[in-house]
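Trainee: Let me begin by handing over the structure; questions about it come next.
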Amino acid sequence: MENANILVVDDDKEIASAIEKLLQLEDFQVKKAYNGLEALDIVINHDVDLILLDIMMPKLDGLSTLMKIRESKNIPIIMLSAKSEESDKILGLSMGADDYITKPFQPAELVARVKSQLRRYIFLGDKGKQYNSSQYIIGGLCLDTEAKQLLVDGQETKLTATEYKILELLMTNAGIVFSAENIYQKVWNEDAYAVENTVMVHIRRIREKIEVNPKQPKYLKVVWGIGYKIEKM
Amino acid sequence: MDIKLKKCNRLSVIRGILFFLTVIMLTTAVVLAERAVLQRNLDVLGEEDYKDTFEFNTLVGKTITEIMENDSEIPKTNQNYVYYLSWKDGTVSANVNRSKKEYFKNFSKAYLIYENQEYETSKKEGGIYWGIPFELSKDIDSLYFAFSNELIQEQQQEWESIRKEVTSVLVIIIILLLVSLFFIFVLIYLAGRAPEDEELHLTTMDRVYTDIQILIGGILGAIWTFYSYLWGEAFYSDWENINFQRAIYMGGSAIVTAIVIFLYGLILLSLSRKIKGRIFLKHSLVYLFCYGIYDFIKQLFDGRRFEKFPHTKQLFYKQMVYILASIVQVFLTLIFLMTSSGLFLLPILFELLITYWYIFSNNQIYEDINQGFDASTQEQLKSERMKVDLVTNVSHDLKTPLTSIISYVDLLEKEELTEAAVDYVKILQDKSQRLKKIVEDLFDLSKSTSGNLVLDLEEIDMKKLIQQTTADMEDRILQAGNKLVINLPDHVSKIWADGDKMYRVFQNVIDNALKYAMENTRIYITLQDESNMVLVSVKNIASYEMNFTSNEIVQRFNRGDEARTTEGSGLGLAIAESFTNACGGKLRVFIEGDVFEVRIWFPKKVG
């Protein structure tokens, strides 16, 4: 992962430079582009392992560039944008982006996500098509129900028995919302009574382990007023 | 409170008593009067001398008839009267052995001489006619008649005692009437008053229109008159015999009179209240009708509401002209028709011309109005679009330099720095984070208040939401040090709202409480049912003096801490309120002393 080649695409020169510096401090090789056309040019002619792509750009905007790149490459692409509506995020992700960061962002988080995506790409690339039916993959998470093991972006992550059970329940039913009572009953095998706090505590601990930014979870989400779920990706 | 109640009771009691007494007194007066009238003829008050009364006159007629018809049966020793009667056929009947009229004239003060179809009587000038019933007088030649003085005296005495009795009844009646009148004045004076203030209080009865009230009064009067007539009929013949049936009638009459007087009293007081309130005329159907017509006609001619709208104003005046011109044409046509002049065709033709003019000239105005509408709708759409674009563009324009700042401050931190520079960088980081929060809040708020918020409404359990939120905020709560006392019901509390937004709402409200609560005090969160709503309350004790109103603190950028030194953008509560409203709920702040409470209501989701 060291020396990976990263392309930063943003029409704001200062921001592009700042990101370049940030990534260089992490020992990445960085190239810059200030619009979609330049970006396509670089992608075709050079080796690129990951792209940070802004949406609002002249000449060719981010989403169109994204589509174009996806025609030939499946390298991880992280969208960067000031547009923070859910709809914008969903649009970007459904068009083929792997992640979405809104501006203004925490530099540390940006770096963490870049690293996470790279690990994930390498891990998935390595594993190739070697899925078996006991493996559940959601984004960078890989849960092996046979080995009772969780890999986050390729790295083995230790979970307690309870944490594992909760995660297994949610991941094997990705997209389905479970109330705290449901989770408690299935995991602890007891009747649920005033369990919200207990379950929430475990959820938070799981988040610490699997999320890049536990305060802004991308995998394990709270459906407020109802329950919890693992986002289907 | 007690004093008010006492006063209230006293006034009402006094009025009630007066009213009741008045009704009783008037009823009594009326019944007595009726009785007196039926008992005796009215001249009982007028004539002192029995001989001048109608009753005496009747007695005379009766006696004479008796004499003439039953001559043979009358004992000759009758002491009440003496008579000498000679018939035209020559027969004579008498009860004394006298035939000279002087005897009868000197017999008493009540004599009657009928001779040669002429009367000579002792009655005074202008008194009531005494005489023989006309049909009977045809057969008489002459009649000499006189009542005995004893009889006259007897009758006179009786008459006088009756007079006394009747007069005293009359006096009683007058007294009753006077006192009633006085009471009525007092009641009218007091009508509409209440002990607590000087204002006029109208009652439910005053809601009935004046003319209807008067109409009811008229009907009541008719009913009473009818009944009294019936009653009078029953009694007229013989007052002295009170039998059961008559007693019923009497009682009935008294009751009917009492009821009628009672209702009249109510109506009278109602009318007087209305007069006092100056709505006597206004509150009648007649007035309303006339006013309605007046208003309608006024509206027809009043173009003032079109001041700002030149097109509709034109339409209006054109219409007025058309209506008036048409009326004139109709009028002329009628006149011409009535005078059978062929000219009636002229106004008809004219009317057709005017109609043609009216329709065609209006078309242009319709065009103009439509265009105006279109243009205004376009304007609105444009301005709406601009607003949305503004939010998006300014959002982008604010966030971009902010991104640079945060990124470069971060890079700066990674450089070799002097001690002072390290501090400065820390401050820059703090403030840029704060700025970021404010910008984000501002856009959330502007989106939700301009209605551009995308809501994902679904059925959520308020109880769960609160539990989740407080669990999620555990770190923050521990840090602040205040204990959260949470009171949730056993059952679920389902509402229809956007879960994410409501999470924000509670997060903001609880965060607000944590920020501003006094150290070592508790924050109380309760969830309860309130009829068909769900109510959440977050209460805390403020660590500072709250110099603002509930409304002020919810306003954007208003912060309790006037010096604005603590964290926070001032938008927390504004966003909470806006999001709550967007989801269909209500948020209100209540401040009492040092206690700060936020209450949120949501309609319960049924089924």
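The values are calculated or read from the model by the stated rules, or taken from the named source; none is laboratory data. Predicted model only: the values in this text are computed from it and were never measured. Cβ coordinates were reconstructed from backbone atoms using ideal geometry, including for glycine residues, and neighbour counts include every protein chain displayed. Keep in mind that these areas ignore ligands, DNA and RNA; they rest on the heavy atoms of the full protein, side chains included. Shrake-Rupley method; radii C 1.70, N 1.55, O 1.52, S 1.80 Å.
Trainee: For the ranges B:340-346, A:10-16, B:112-118, what's the packing order if you count other beta-carbon atoms within 10 Å of each residue, average per peptide, and put the highest first?
Mentor: Listed from highest to lowest mean packing, they are A:10-16, B:112-118, B:340-346.
Trainee: Nearest 10 degrees, 0 to 90: what angle lies between the long axis of helix B:462-472 and the longest principal axis of chain B (Cα atoms)?
Mentor: Approximately 30 degrees, to the nearest ten.
Trainee: Full-extension gain between B:E196 and B:E66, please, as 0.36 nm times their residue separation minus the C-alpha to C-alpha distance.
Mentor: Length difference between fully extended and current span is 39.3 nm.
Trainee: Quick one: grab Rg to one decimal and Dmax as a whole number for the stretch B:166-211, Cα atoms only, in Å.
Mentor: 16.3, 48
Trainee: If the cut-off is 24 Å between C-alpha atoms, which lysines fall inside it for B:K318, apart from same-chain ones fewer than 8 positions away?
Mentor: Straight-line reach from B:K318, under 24 Å: B:K298, B:K308.
Trainee: On to the next question. How large is Rg/Rh for the stretch B:103-202, to two decimals, with Cα atoms and a Kirkwood Rh?
Mentor: 1.46
Trainee: Quick check: with the 1.4 Å probe, what order do B:K123, B:K318 take by accessible area, largest first?
Mentor: B:K123, B:K318
Trainee: With only alpha-carbon atoms counted, please give the Rg and Dmax of the stretch B:419-458, in Å.
Mentor: Every Cα atom of the stretch B:419-458 included, Rg and Dmax give 16.5, 53 Å.
Trainee: How many Cβ atoms of partner chains, on average, are near each residue of A:104-111 if near means within 10 Å of its Cβ?
Mentor: The per-residue average across the peptide is 5.
Trainee: State log₁₀ I(q)/I(0) for the stretch B:356-490 at q = 0.12 Å⁻¹ as given by the Debye formula over alpha-carbon point scatterers of equal weight, solvent excluded.
Mentor: -0.86
Trainee: Would you compute, from DSSP H runs of 4+ residues alone, the mean residue ellipticity of chain A at 222 nm, taking -39500 (n - 2.57) per run and dividing by the full residue count, rounded to the nearest 500?
Mentor: Here the helix-only value at 222 nm equals -13000 deg cm²/dmol.
Trainee: Pick from A:Y219, A:Y184, A:Y193: which is most flexible by mean-square fluctuation in a GNM of chain A where alpha carbon atoms under 10 Å apart are linked?
Mentor: Looking only at A:Y219, A:Y184, A:Y193, the largest GNM fluctuation is found for A:Y193.
Trainee: Based solely on its DSSP helices, what 222 nm [θ] is calculated for chain B when runs of n ≥ 4 H residues each add -39,500 (n - 2.57) and the sum is averaged over all residues, nearest 500 deg cm²/dmol?
Mentor: Theoretical 222 nm ellipticity from helices: -21000 deg cm²/dmol.
Trainee: Same structure again: Total accessible area buried between chains A and B, 1.4 Å probe, in Å² to the nearest 100?
Mentor: 3000
Trainee: Given 10 °C and 1.306 mPa s, compute D for the protein assembly as shown with the Stokes-Einstein relation, Rh being the Kirkwood radius over Cα pairs; round to the nearest whole µm²/s.
Mentor: Translational D for this selection: 40 µm²/s.
Trainee: Just grab the label-to-label distance for B:F296 and B:E552, each label 7 Å out from Cα along the Cβ direction, in nm (one decimal).
Mentor: It is 5.5 nm.
Trainee: Between B:D475 and A:Q24, how high is the FRET efficiency from 1/(1 + (r/R0)^6) when r is the Cβ-Cβ distance and R₀ = 56 Å? Nearest 0.05.
Mentor: Calculated value: 0.95.
Trainee: Using alpha carbons only, how many degrees (0 to 90, rounded to 10) separate the axis of helix B:149-190 from the longest principal axis of chain B?
Mentor: Taking the Cα atoms of chain B, the angle to B:149-190 is about 10 degrees.
Trainee: What is the set of long-range amide H partners of B:E458 at a cut-off below 5 Å, with H atoms built 1.01 Å from backbone N?
Mentor: Under 5 Å from the amide H of B:E458 lie the amide H atoms of B:A497, B:D498, B:G499, each far enough along the sequence or on another chain.
Trainee: Which listed residue (B:I188, B:Q213, B:T225) has the Cα farthest towards the positive end of the charge dipole for the stretch B:159-234, taking +1 on Lys and Arg C-beta and -1 on Asp and Glu C-beta about the Cα centre?
Mentor: The listed residue farthest towards the positive side: B:T225.
Trainee: Grab the beta carbon distance between B:L266 and B:E48, set R0 = 35 Å, and tell me the FRET efficiency rounded to 0.05.
Mentor: FRET efficiency, B:L266 to B:E48: 0.20.
Trainee: Report the charge-dipole magnitude of the protein assembly as shown in Debye, nearest 20, computed about the Cα centre from +1 at each Lys and Arg Cβ and -1 at each Asp and Glu Cβ.
Mentor: 440
Trainee: Provide the packing ranking of B:531-542, B:285-296, i.e. peptides ordered by the mean count of other C-beta atoms within 10 Å per residue, highest first.
Mentor: B:531-542, B:285-296
Trainee: Something else: Cut-off 19 Å, label point 7 angstrom out along Cα-to-Cβ of B:L337: give me the residues of the stretch B:343-384 whose amide nitrogen falls inside.
Mentor: B:343-355
Trainee: In Å, what Kirkwood hydrodynamic radius results for the stretch A:55-146 from the alpha-carbon pair distances?
Mentor: 14.7
Trainee: Over the stretch A:131-233, consider all pairs of different Cα atoms and compute the Kirkwood hydrodynamic radius from their mean reciprocal separation; express it in Å, one decimal.
Mentor: Kirkwood radius, the stretch A:131-233: 13.7 Å.
Trainee: Where does each of B:500-510, B:179-189, B:264-274 land if you order them by average Cβ count within 10 Å, highest first?
Mentor: Most protected by this proxy first, the peptides run B:500-510, B:264-274, B:179-189.
Trainee: Here is a follow-up. Angle between the Cα long axis of helix A:36-45 and the longest principal axis of chain A, 0 to 90 degrees, nearest 10?
Mentor: It is inclined by approximately 90 degrees.
Trainee: Extent of the stretch B:285-421 along each principal axis, from alpha carbon coordinates, in Å, largest to smallest?
Mentor: Between the extreme Cα coordinates on each principal axis of the stretch B:285-421 lie 117, 42, 17 Å.
Trainee: Keeping all protein chains in position, work out how much accessible area B:T392 exposes to a 1.4 Å probe, and write it in Å² to the nearest 10.
Mentor: 50
Trainee: Can you tell me how much longer the chain between B:K276 and B:V169 gets when fully stretched, taken as 0.36 nm per residue apart minus their C-alpha distance, in nm with one decimal?
Mentor: Taking B:K276 through B:V169 to full extension adds about 34.9 nm, to one decimal.
Trainee: What Kirkwood Rh does the stretch B:141-187 have if only Cα atoms enter the pairwise 1/r average? Answer in Å.
Mentor: 13.9
Trainee: Regarding chain B, what's the average projected area of the Cα-atom convex hull, expressed in nm²?
Mentor: Average projection, Cα convex hull of chain B: 60.7 nm².
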